[in-house]
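Asker: The following block contains the structure, expressed as structure tokens.
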Amino acid sequence: MKGIIERRLAYLYTGELTSVIMFVFVSYIVNYAMPNLHLYSLFSFWVAFILLECLLIQGTIYWHAKLKRLRVENTSITPIKIVRLLHRFKGLNKFIILLAILAFIIDFVRWYPSLPIGGLLTAFFIYIFAILEFINYFYKQLSYDNRFDIKYLMKSRRLKRSSLNKDFKRFL
């Protein structure tokens, strides 16, 4: 059983870390290949992108801490210091989510009447993805990528609480 959990935690940890790195390269390539989007000129893009990257880093920290603890102490219970740290980040994330709304307004005013619609839409989709990641980490599990999760979803017909949410309830 430990081997299954260890592989799952390693998969989650490396997936989050890979996403953090790849999104930086993808944003650079998209900005370079499609300069008419004006991505790097949009305040809303930067706020949404930084929010997404911060969330992915938080996920990396969380899954890595669980994996490390499993390997060292033979338990996957999240260290309390990590739970407290991520609980503080939860408030910061909410602030950045609200700041992003202001960033879209600022971009709209700044760029009107020649709005870079493609860039704003790209920033908006990144923003929505970041909000979904926030919900996935801090409230409800939105990702069901193995048969056990899918069986649970089909049987219960409701979303699971996220692992981090369970840790908040357990420790805070």
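The values are calculated or read from the model by the stated rules, or taken from the named source; none is laboratory data. This structure is a prediction, so every number in the text was calculated from the model and none was measured. Quick reminder, even Gly has a Cβ in these numbers, built from the backbone with ideal geometry, and neighbours come from all protein chains shown. Just the protein is used for accessible areas: all its heavy atoms, side chains included, with ligands, DNA and RNA removed. Shrake-Rupley method; radii C 1.70, N 1.55, O 1.52, S 1.80 Å.
Asker: When the range 81-135 is examined, which residues are found to be crowded, with 20+ Cβ neighbours inside 10 Å and of a type in the set (D, E, K, R)?
Answerer: Selection gives ASP107, GLU133.
Asker: If you take the residues of the range 9-58 that are in contact (Cβ under 8 Å) with a residue 24 or more places away in the chain and among the aromatic types (Phe, Trp, Tyr), which of them is nearest to TYR137 (Cα to Cα)?
Answerer: It comes out as TYR13.
Asker: Going by the conditions given, is LEU164 open to solvent by less than 70 Å² (accessible area, probe 1.4 Å) and without any contact (Cβ under 8 Å) to a residue 12 or more places away in the chain?
Answerer: Criteria not met by LEU164.
Asker: Right, next: Quick one: in the range 1-49, which of the residues that are modelled with pLDDT under 95 and more than 21 Å from the chain's Cα centre (by Cα) is nearest to ASN74 (Cα to Cα)?
Answerer: Within the range 1-49, the match that is nearest to ASN74 (Cα to Cα) is LYS2.
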